[in-house]
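**Student:** Sharing a structure with you now.
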Amino acid sequence: MILEGIVTTIDAAGLVNIAPMGPQVDDRTERFTLRPYQTSTTYLNLKQVGEGVLHVTDDVWMLAQAAIGRIEPPPEMFSARAVRGQVLANSCRWHEFRVKLLDDREERTTIECEVVHTGRLRDFFGFNRAKHAVVEAAILATRTEFLPIAEILADFKRLAVLVQKTGGEQEHRAFQFLLDHVNRVVANMGQSPNRE
């Protein structure tokens, strides 16, 4: 099963990277598999340091910002208990992990991870179609380099309906932030941005 979350890793100097990722997890979240590209900071940090933290959160505003690499201001964090890493203070729960196997023979690396400590900060909000729509929009926003832009814009138009009907302020803000990013990509391609 794929669990959409946010992974924090650090480099050898202790600089934190925050990235949304969808690891394949087991039912108890004791082990999971990450598949980052070799060009990603997450891959480089895990190859170098070998530890990180997987977060489960319903904060789609933070997820949207992390998807396009612009979290401003930086979120509040605290030190992980069992690994070298940082825990996002606004997550619902977190899983500190160590890399058990890293296979980088292909462009998308396979990284097998083992959870060594789990913590909980607050309850998960619950199911909400707008939150799910923002997660889908965040995934689309990270794929503008290799998916047809017309398909991305069509999907954003469909997802906008869910956000409008079921979202709160956070979901509206996050969705608009992602749409603005896609529109900038379109404008840089010399096309007219979608003004939905």
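The values are calculated or read from the model by the stated rules, or taken from the named source; none is laboratory data. Keep in mind it's a predicted model, so treat the numbers as computed, not measured. Because the Cβ atoms are built from the backbone with ideal geometry, glycine has one as well, and the counts that use them run over all protein chains shown.
**Student:** Which of the residues belonging to region 11-51 are surrounded by 15 or more Cβ atoms within 10 Å (Cβ to Cβ) and touching a helix residue (DSSP H, G or I) at 6+ places or on another chain (Cβ under 6 Å)?
**Tutor:** Asn17, Ile18, Ala19, Pro20, Pro36 - these are the residues of region 11-51 that are surrounded by 15 or more Cβ atoms within 10 Å (Cβ to Cβ) and touching a helix residue (DSSP H, G or I) at 6+ places or on another chain (Cβ under 6 Å).
**Student:** Looking at (1) hydrophobic (A, V, I, L, M, F, W, C); (2) without any contact (Cβ under 8 Å) to a residue 40 or more places away in the chain; (3) surrounded by fewer than 18 Cβ atoms within 10 Å (Cβ to Cβ), which is the only condition Ile152 fails?
**Tutor:** (3)
**Student:** Quick check: is even one residue across region 70-78 among the β-branched types (Val, Ile, Thr) and modelled with pLDDT of 95 or more?
**Tutor:** No, the conditions are met nowhere in region 70-78.
**Student:** So if I check each of Gly119, Gly126, which one is small (Gly, Ala, Ser), in a strand (DSSP E or B) and either loosely packed, with under 14 Cβ neighbours inside 10 Å or at pLDDT 95 or above (or both)?
**Tutor:** Gly119
**Student:** Filter region 132-159 down to residues that are acidic (Asp, Glu) and closer than 17 Å to Ala174 by Cα and give me whichever is nearest to the chain's Cα centre (by Cα).
**Tutor:** Ranking the candidates gives Glu136 first.
**Student:** So which residues in region 96-116 are touching a Phe, Trp or Tyr at 6+ places or on another chain (Cβ under 7 Å), more than 11 Å from Ala82 (Cβ to Cβ) and surrounded by 17 or more Cβ atoms within 10 Å (Cβ to Cβ)?
**Tutor:** Thr109, Cys113
**Student:** Could you say which residue among Arg158, Arg129, Arg120 is free of Cβ contacts under 8 Å to residues at least 60 places away in the same chain, in contact with a strand residue (DSSP E or B) (Cβ under 9 Å, 6 or more places away or on another chain) and among the charged types (D, E, K, R)?
**Tutor:** Step by step, each of Arg158, Arg129, Arg120 is checked, and only Arg120 is free of Cβ contacts under 8 Å to residues at least 60 places away in the same chain, in contact with a strand residue (DSSP E or B) (Cβ under 9 Å, 6 or more places away or on another chain) and among the charged types (D, E, K, R).
**Student:** Which one is surrounded by the most Cβ atoms within 10 Å (Cβ to Cβ), of the residues in region 59-74 that are in contact with a helix residue (DSSP H, G or I) (Cβ under 6 Å, 6 or more places away or on another chain) and assigned to a loop (DSSP other than H, G, I, E, B)?
**Tutor:** Filtering first and then ranking leaves Ile68.
**Student:** Of the conditions (1) within 15 Å of Val60 (Cα to Cα); (2) in the same structural domain as Val49 (by TED's automatic domain parsing); (3) of a type outside the set (Ser, Thr, Tyr), Leu140 clears all except one; give me its number.
**Tutor:** It is condition (2) that Leu140 fails.
**Student:** Quick check on Val182: is it buried (at least 19 other Cβ atoms within 10 Å of the Cβ) and more than 19 Å from Ile2 (Cβ to Cβ)?
**Tutor:** yes
**Student:** It is to be established whether one or more residues within region 162-169 are under 18 Å from the mean Cα position of the chain (by Cα) and either in a loop (DSSP other than H, G, I, E, B) or surrounded by 13 or more Cβ atoms within 10 Å (Cβ to Cβ) (or both).
**Tutor:** Scanning region 162-169 turns up no residue that is under 18 Å from the mean Cα position of the chain (by Cα) and either in a loop (DSSP other than H, G, I, E, B) or surrounded by 13 or more Cβ atoms within 10 Å (Cβ to Cβ) (or both).
**Student:** While we're on this one: For the condition closer than 25 Å to Asp180 by Cβ and at pLDDT 95 or above, what is the one hit in Gln65, Gln48?
**Tutor:** Gln65
**Student:** Looking only at region 28-58, count how many residues are out of contact with any Leu (no Cβ under 8 Å at 6 or more places or on another chain), over 19 Å from Thr118 (Cα atoms) and outside any loop (DSSP other than H, G, I, E, B).
**Tutor:** Residues in region 28-58 being out of contact with any Leu (no Cβ under 8 Å at 6 or more places or on another chain), over 19 Å from Thr118 (Cα atoms) and outside any loop (DSSP other than H, G, I, E, B): 6 in total.
**Student:** Does any residue in region 6-35 that is under 17 Å from Val99 (Cβ atoms) come within less than 6 Å, Cβ to Cβ, of a residue that is of a type in the set (Asp, Glu) six or more places away or on a different chain, and which pairs are these?
**Tutor:** Here the result reads Arg31/Glu114; Thr33/Glu112, each pair linking region 6-35 to a residue that is of a type in the set (Asp, Glu).
**Student:** With (1) part of a strand (DSSP E or B); (2) within 19 Å of Ile10 (Cβ to Cβ) as the list, and Ser91 as the residue in question, which single condition is left unmet?
**Tutor:** The single condition Ser91 does not satisfy is (1).
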